[in-house]
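Data first, discussion second: the structure below is written as structure tokens.
The values are calculated or read from the model by the stated rules, or taken from the named source; none is laboratory data. None of the values given here were measured: they were computed from a predicted structure. Cβ atoms come from the backbone with ideal geometry, glycine included; neighbour counts cover every protein chain shown.
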Amino acid sequence: MNPYESRQANIKEVIVETPTIRTFVLEPKPALSFHAGQFIELTAPGVGEAPFTPSSSPYEEESLEVTIMKVGRVTSKLFDLRPGDTLAIRGPYGVPYDIDRYDGRHVLIVGGGVGLAPLRSLFLALLHNVSAYKKIHLYYGARTSRDVVYDRMFKEWDKIKNVEIRRSVDVGDKNWKEKVGVVTVLLDGLPFKPKDGLAVACGPPIMMKFTTKRLLELGFADEDIYLSMEKNMSCGFGKCGHCRLGELFCCKDGPVITWDRIKHLEDAFV
Amino acid sequence: MRSLFLPLASIPAFYTRLAKYGETYYPRVLERHATYEVWRDEEIPAEELYQALKMIRPVEPLKEFFLGSRERVASFPQLFSKDIKPKVIVGAKDCDIRSLIEIQDNVYLKGVLEDPFYKERREKYLVVTVDCPEPADTCFCLRIGGKPYSAWGGDLNLSFGEEGIIVDVLSAKGDEIVEKMGDVLTEVDKKEIKKRDKHRADAERKLAKINPEEFAPDLPDRIEHQLDTGFWAKAMANCVDCQACERICPTCYCFLLYDIPVGKGVERIKVLDWCYHAAYGRVGGGMNPLAHFSHRLRNRFECKFMAFPRNFKVYACTGCGRCIAGCTGKIDIRKVLRAL
């Protein structure tokens, strides 16, 4: 087996989420199965690879969705692609969420911006067995109402009995009827005791830093704070060295790493 | 362990026999430094070959053979099969064979996946290590877990006796090779072994004299707690960012993958990468956790002397001294480690 080889994936659909974020629905050949929390290396043909965590349910076997923000070379090329085009993927890599630990507890999911994409995969995996948890709390913050991803789905998710949803935008406008403020404002008035639950966060580094700080203030245990520490992961399987974080490698020991494993570092969020 | 004797005059014949196994690289002195060359049955005086074997580690680290600085690792949609032919490398010192076994093997053969290219080379390449009887001022293997001689890790080891070379057989592959050596190798005399042991003890003494001080045993903790950017800025004050230290380091293992369009397909290329490079840590969107050079310098020390020993119980440094010898700014890694 050659771990550097990719498999082909046809683009089935491209969903425009926001002006800079799109969801690509892919059909890998052969099919690629993954667990929530794992990531793939996606190739923009002729340009190169970048790591992404799928945003679809791991129980969906036919296709796989990846929600991507246009920020650089690879993502710009991906935005040029249309349904019917082909790209390449390899993986999955990384350690899945240990969701067995979540049974019987409150699960707090905190997403910032496009950081909700990998959390959506976890959220959908949890919904598969929703009664196993005390409650799933999905808290999401975006910059403005125009930057909110999966807007069409939130309405459906809000109807699910065991799910609580809170959303905020940094800058409000006349169309936004929900909370205004950075995502941590959603953590005020938490409807459960932190010792009865755990928290999973993903978003830009600054959001992760302050979310972790707030979660610790609220009393979440270090080992109950799950953070997506996605760095420059080139190979995906712990060889190339780029994503080292202290003694860990984000690609093979993460990318989701609990706070107790990185809290000793000078600044894990830089 | 089986030991045989190689008379000085038979060194060319020894290389010729090795070359039957695969392309054979041997050390040759060029501008006062040993460097690897391909053996082509040339008429080189045995004495010249003998003196080259006695030099410190060749300029090129052993990883040059096993990792390569640039290679194709995949292509699509059409796949390719790798074509790795046997090679023989003569002249690796203990510092280099340890860089392979203790560092590169841990990275490339262990963990979640193996690197199939590295693995095949490790299986197909024969390494003939050589004692290091005359350490240089830049050498410090003794202070970082090594010795100026190698009795393990390679397939054969060459050491220096009274009138020739002692060949220790260290692996089954090595045994198979010496079986086919015929009269090139003879029985070894006890007085040769005795002389070899004296050479080894002398080399150890010389190394201890060059490096009188041990390093602090808690280097990982010292690095973890050295957060003063002023310390690292001072340590790198003379650095001109040439990255020579990383390119010639036998233990640096980082690489980068990139794709190039070829015809209607794509080829994936693996190139060795250097953590002093400004874009090393940069992610999509331009964020760079190692944007400042002092952070990159600390990152390198953290990798070698904190993360690696915590993960694999060994420093990612074998004391070969190439980084000291090759530094344009005359930075001595030993001084940085002692100042921590």
For B:Gly91, state whether it is at pLDDT 95 or above and either within 18 Å of the chain's Cα centre (by Cα) or assigned to a strand (DSSP E or B) (or both). yes
Within region A:194-270, which strands (runs of 3 or more DSSP E) (wholly inside it) include 2 or more residues that are over 19 Å from the mean Cα position of the chain (by Cα) and at the interface with chain B (Cβ under 8 Å from one of its Cβ atoms)? none
Which residue out of B:Ser69, B:Ser99 is among the polar types (S, T, N, Q), surrounded by fewer than 21 Cβ atoms within 10 Å (Cβ to Cβ) and either outside the structural domain of B:Tyr253 (by TED's automatic domain parsing) or more than 21 Å from B:Asp168 (Cβ to Cβ) (or both)? B:Ser69
Got a sec? Which of B:Gln104, B:Gln51 is assigned by TED's automatic domain parsing to the domain that holds B:Val130, in contact with a Phe, Trp or Tyr (Cβ under 8 Å, 6 or more places away or on another chain) and either among the aromatic types (Phe, Trp, Tyr) or modelled with pLDDT of 95 or more (or both)? B:Gln104
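This table checks each residue for (1) within 22 Å of the chain's Cα centre (by Cα); (2) modelled with pLDDT of 95 or more; (3) small (Gly, Ala, Ser).
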| site | (1), (2), (3) |
| --- | --- |
| B:Thr186 | no, yes, no |
| B:Ala203 | yes, yes, yes |
| B:Ile210 | yes, yes, no |
| B:Leu227 | no, no, no |
| B:Ala235 | no, no, yes |
| B:Cys242 | yes, no, no |
| B:Pro250 | yes, yes, no |
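Taking the residues in region A:1-34 that are of a type in the set (Phe, Trp, Tyr) and farther than 11 Å from A:Ile68 by Cβ as candidates, determine which candidate is farthest from the other protein chains (Cβ to nearest Cβ).
Within region A:1-34, the match that is farthest from the other protein chains (Cβ to nearest Cβ) is A:Phe34.
Among the β-branched types (Val, Ile, Thr), within 25 Å of A:His264 (Cα to Cα) and either in contact with a helix residue (DSSP H, G or I) (Cβ under 7 Å, 6 or more places away or on another chain) or surrounded by fewer than 17 Cβ atoms within 10 Å (Cβ to Cβ) (or both) - does that describe any residue in region B:269-281? Working first, answer last.
Going residue by residue through region B:269-281, those that are among the β-branched types (Val, Ile, Thr) are B:269, B:271.
Retained after the next criterion (residues that are within 25 Å of A:His264 (Cα to Cα)): none.
Looking through region B:269-281, none of the residues is among the β-branched types (Val, Ile, Thr), within 25 Å of A:His264 (Cα to Cα) and either in contact with a helix residue (DSSP H, G or I) (Cβ under 7 Å, 6 or more places away or on another chain) or surrounded by fewer than 17 Cβ atoms within 10 Å (Cβ to Cβ) (or both).
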So the helices (runs of 4 or more DSSP H) completely within region B:249-332 holding 1 or more residues that are among the aromatic types (Phe, Trp, Tyr) are B:293-302, B:308-312
All but one of (1) more than 10 Å from chain A (Cβ to nearest Cβ); (2) without any contact (Cβ under 8 Å) to a residue 40 or more places away in the chain hold for B:Gly286, so report the exception by its number. (1)
Under 15 Å from the mean Cα position of the chain (by Cα), closer than 22 Å to B:Leu256 by Cβ and of a type in the set (Lys, Arg): does that describe B:Lys82? no
Does any residue in region B:106-125 that is within 9 Å of chain A (Cβ to nearest Cβ) and touching a residue at least 40 places away in the same chain (Cβ under 8 Å) come within less than 7 Å, Cβ to Cβ, of a residue that is surrounded by fewer than 20 Cβ atoms within 10 Å (Cβ to Cβ) and not in a loop (DSSP other than H, G, I, E, B) six or more places away or on a different chain, and which pairs are these? B:Phe117/B:Glu71
